[in-house]
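**Q** So that we are looking at the same thing, I have put the structure below in C-alpha cells.
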Amino acid sequence: MSEVLVVKLGGTTIEEQQGVLAEIALVARSRPVVVVHGGGRRLTDWLDRLGVPTRFEAGRRVTDDAAIEVASAVLGGVVNGELVAALLGHGANAVGLTGVDGGFLRGERVPGLGRVARVVAVNHDLLDALLVAGRVPVVAPLVRDETGVVCNVNADEAAAGLAADIGARQTVLLTDVPAVLDATRRPIRTLAADAARELIADGTIAGGMIPKVEAALEALGRSPVPDAEVVIADGRAPDALLRALGDRAFGTRVTAGTDPVSRVGVRTRPGRVA
C-alpha cells in the first residue's frame, strides 16, 4: 500500500481539471492511484440556490441536517459522476464511490461542526479488491460516523486520513494557490511538521490553508512510512500532478521531523519566517 498514490482534487470545474485528470490517467498506468475529491464551490452554489445558509469555522464547512442532504447529492452524485466520466474518457478505469459505500471509510464526528467527521479507518478489503482489479477509486468525502449517521468530511482531511491508514508514501493535495505561503507571501517549498504547527499558531498559515496543512500533519503523524510526504500544490498549473511528484521547486512538501523551513534554497531555523 505504500506505493499507492493518493490525490485530492479541488472543487474547480471539470473543464479546469482536464489536464490533471489526464495526468491521473497516465500515472495510473504504472502505479495504483486513489482519487479523493472536494466540490466546495459547487456545493456552495447549490446551497445558495436552495436557500441553505453556508458557514465556515477555521476553514471548515459547518454542515447541518439540511446541508448534508445537499452535500450527499452534489458530492456523491453530481461531482463524483462528472469526475468518473472524465477519467473514463482519458482511459482510466475509474469507479466512483463515497466513503459510505461498502463502509469504505469509517468516520468519527468532529465536535462543533454539525454533521462533519474525520476519517479514522479504511476498508482495506474493498480497496484491495478495487486496486487488484486495476480500478481507480474516485471517492466523495462522505462517511458514516460512529453512530451510523452520514457526515461530510473536509476533502483534504479525507485524503489525508485515507493515506495515513494505508501507509501511502506520497499524497498530493491539489488546490487553487501555488503553495503554502510565508508571512511575506513567498512560497515555502519544504515545511517540516514542527514548523508548520508554529506557523499555524502565529497566524501565518490561516483560513482555508489551515485544514490542508493540518490534514498533511495528520497523515504524517499517523503514517507508518518514515519518509512519507504530503505535497500541497496548485492544481491549475500545467503538468501539476507530475510536477508535484517530481519537482521540488513546485508547491510545498510537508514532511515529518524538524528540518528548517525552505523557500527556493533559502533556509531559516524552524518556526521562523524571514
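**Q** Mean-square fluctuation check for the chain, GNM, Cα pairs under 10 Å: which of E15, E229, E218 is largest?
**A** Result for the chain, Cα springs under 10 Å: E15 fluctuates most.
**Q** Residue by residue through the stretch 186-192, which ³J(HN,Hα) values in whole Hz follow from phi under the Karplus form 6.51 cos²θ - 1.76 cosθ + 1.60 (θ = phi - 60°), with glycine and proline marked x?
**A** Going residue by residue, I get 9, x, 9, 7, 10, 9, 6 Hz, with x marking Gly and Pro.
**Q** DSSP beta bridges in the chain, what fraction antiparallel, as a percent rounded to 5?
**A** 40 percent
**Q** At 222 nm, what value in deg cm²/dmol follows for the chain if DSSP H runs of at least 4 each add -39500 (n - 2.57) and the sum is divided by all its residues, to the nearest 500?
**A** It comes out at -10000 deg cm²/dmol, rounded to the nearest 500.
**Q** Which of A28, A219, A117 moves most in a GNM of the chain, Cα contacts under 10 Å?
**A** A28
**Q** Going by the alpha-carbon gyration tensor, a ≥ b ≥ c the square roots of its eigenvalues, is the stretch 8-72 rounded (a/c under 1.5) or, if a/c is not under 1.5, prolate (a/b greater than b/c) versus oblate?
**A** prolate
**Q** Further question on the same structure: Taking 41 Å as R0, compute the FRET efficiency from the Cβ-Cβ separation of L26 and I210 and round it to 0.05.
**A** My answer for the efficiency is 0.80.
**Q** Report Rg (one decimal) and Dmax (nearest whole number) for the stretch 38-88, counting Cα atoms only, units Å.
**A** 11.6, 36
**Q** Suppose each label sits 7 Å from its Cα in the direction of the beta carbon; what would the D239-I14 distance come out to in nanometres?
**A** 2.8 nm
**Q** How far, in nm, would the chain grow between T54 and D176 when pulled straight, counting 0.36 nm per residue and subtracting the alpha carbon separation?
**A** Extending this stretch completely gives an extra 41.9 nm.
**Q** Highest GNM mean-square fluctuation, the chain, Cα pairs closer than 10 Å: which of S30, S223, S72?
**A** Largest GNM mean-square fluctuation: S30.
**Q** Compute the distribution of all C-alpha to C-alpha distances in the stretch 110-219, in bins of 5 Å from 0, and list the percent of pairs in each, rounded to whole numbers.
**A** Values per bin, smallest distances first: 2, 10, 18, 21, 18, 13, 10, 5, 2, 0.
**Q** Turning to a different aspect of this structure: Given R₀ = 41 Å, what would the calculated FRET efficiency be for N123 paired with A201, taking r from the Cβ atoms and rounding to 0.05?
**A** 0.70
**Q** Let me ask something else. May I ask you to give the percent of accessible area on the chain that is carbon plus sulfur, with a probe radius of 1.4 Å?
**A** Percent of accessible area from carbon and sulfur atoms in the chain: 53.
**Q** If you don't mind, another one. Can you tell me the relative contact order of the chain? Whole percent, Cα pairs under 8 Å, sequence separation 6 or more.
**A** The normalised contact order for the chain reaches 21 percent.
**Q** Using θ = phi - 60° and the Karplus form 6.51 cos²θ - 1.76 cosθ + 1.60, what ³J(HN,Hα) does each residue of the stretch 242-248 get, whole Hz, x for Gly and Pro?
**A** Those phi angles translate into 4, 5, 4, 7, x, 10, 6 Hz.
**Q** From Cα coordinates alone, what are the radius of gyration and Dmax values for the chain in angstrom?
**A** Radius of gyration, then largest Cα-Cα span, for the chain: 17.5, 50 Å.
**Q** Further, regarding this structure: For the chain, what does the accessible surface come to per residue with a 1.4 Å probe? Please give it in Å².
**A** 41 Å²
**Q** Looking at the stretch 1-147, what % of the alpha carbon pairs are farther apart than 25 Å?
**A** In whole percent, the share of Cα-Cα pairs in the stretch 1-147 beyond 25 Å is 29.
**Q** Express in nm, to one decimal, how much length is gained between R186 and E146 on full extension, taking 0.36 nm for each residue of separation and deducting their alpha carbon distance.
**A** Extra length from R186 to E146 when fully extended: 10.3 nm.
**Q** Let me ask another. Cα centroids of the stretch 57-134 and the stretch 177-215: how far apart, whole angstrom?
**A** Answer, in whole Å: 26.
**Q** Arranged from highest to lowest average of other beta-carbon atoms within 10 Å per residue, in what order do the peptides 158-168, 59-69, 91-101 appear?
**A** Ranking the peptides 158-168, 59-69, 91-101 by packing returns 158-168, 91-101, 59-69.
**Q** Further question: Using θ = phi - 60° and the Karplus curve 6.51 cos²θ - 1.76 cosθ + 1.60, what whole-Hz ³J(HN,Hα) does each residue of the stretch 77-93 get, with Gly and Pro shown as x?
**A** x, 4, 5, 4, x, 5, 5, 4, 4, 5, 5, 4, x, 8, x, 7, 7
The values are calculated or read from the model by the stated rules, or taken from the named source; none is laboratory data. Owing to the predicted nature of the structure, the values given are computational and were not obtained by experimental measurement. When we count neighbours, we look across all protein chains shown, and the Cβ atoms used for this are built from the backbone with ideal geometry, even at glycine. Quick note on the areas: whole protein, heavy atoms, side chains included, nothing else; ligands and nucleic acids left out. Shrake-Rupley method; radii C 1.70, N 1.55, O 1.52, S 1.80 Å.
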